[in-house]
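The values are calculated or read from the model by the stated rules, or taken from the named source; none is laboratory data. Because the structure is predicted, anything quoted here is derived from the model rather than measured. So basically every Cβ, Gly included, is an ideal-geometry build from the backbone, and we count neighbours across all protein chains shown.
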Amino acid sequence: MKKALVTIFAVVVLMMPVLAMGQTASGTLAVTATVQSSISMLFNSNAGGVALGNAGTNAATLNFGNISAYGTLAAGVSRTVGAANFTVSTPFNVVVQQANGSSANYSLTATLANPDALNTWALSGTAVSNAAPSPLTAAGAYGNPGTAYTLQLTVPVASAAGAISNTINFAATAN
């Protein structure tokens, strides 16, 4: 009887791993994806200009600092003074990159976000307003270091002292 009990015990112990194993199931997951071409845009500081805030992103800021027709200007800001107005300017870089595309180049436009009846805005000599997109390039080259543009803000000498603020919206389109 003792031998039978030991034998039954041994069989039960040996079968425990088999009894402890859970149920299994299997399946498959079919995966598909379609790679699409894309472009990105970011703004970088230019060595000769004002350091951009949030550089290396598509939402940078440019602060001319205190500007005037005759006073001291921040580093990287240039000025020309005329009889009726003065213009401050500084360069910055626009970097457009492409991935998975066959476009040889891109077109770039700019639009002023808000109307400004007092001051004049330009990018490398091209006037920018909120009326319609201003074409900056029809065949821009992709990649770093990007294309340098000079922001020019013209202010009448007769205007009252105070803050000037606006946003320039850029749009790059793959050609």
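How many residues does region 30-44 hold that are among the aliphatic types (A, V, I, L, M) and under 12 Å from residue 96 (Cβ atoms)?
Residues in region 30-44 being among the aliphatic types (A, V, I, L, M) and under 12 Å from residue 96 (Cβ atoms): 3 in total.
Looking only at strands (runs of 3 or more DSSP E) that lie completely in region 28-143, which have at least 2 residues being within 22 Å of residue 162 (Cα to Cα) and among the polar types (S, T, N, Q)?
78-81, 85-99
Answer with yes or no whether residue 43 is modelled with pLDDT of 95 or more, in contact with a Pro (Cβ under 9 Å, 6 or more places away or on another chain) and surrounded by 11 or more Cβ atoms within 10 Å (Cβ to Cβ).
In short, no.
With respect to residue 94, determine if the residue is within 18 Å of residue 49 (Cβ to Cβ), surrounded by 11 or more Cβ atoms within 10 Å (Cβ to Cβ) and in contact (Cβ under 8 Å) with a residue 40 or more places away in the chain.
Details: within 18 Å of residue 49 (Cβ to Cβ): yes; surrounded by 11 or more Cβ atoms within 10 Å (Cβ to Cβ): yes; in contact (Cβ under 8 Å) with a residue 40 or more places away in the chain: yes.
Yes, satisfied.
Mind telling me which of the residues 53, 65, 71, 76 ends up being without any contact (Cβ under 8 Å) to a residue 40 or more places away in the chain, surrounded by fewer than 15 Cβ atoms within 10 Å (Cβ to Cβ), touching a strand residue (DSSP E or B) at 6+ places or on another chain (Cβ under 6 Å) and not hydroxyl-bearing (Ser, Thr, Tyr)?
Criteria check complete, one pass: 53.
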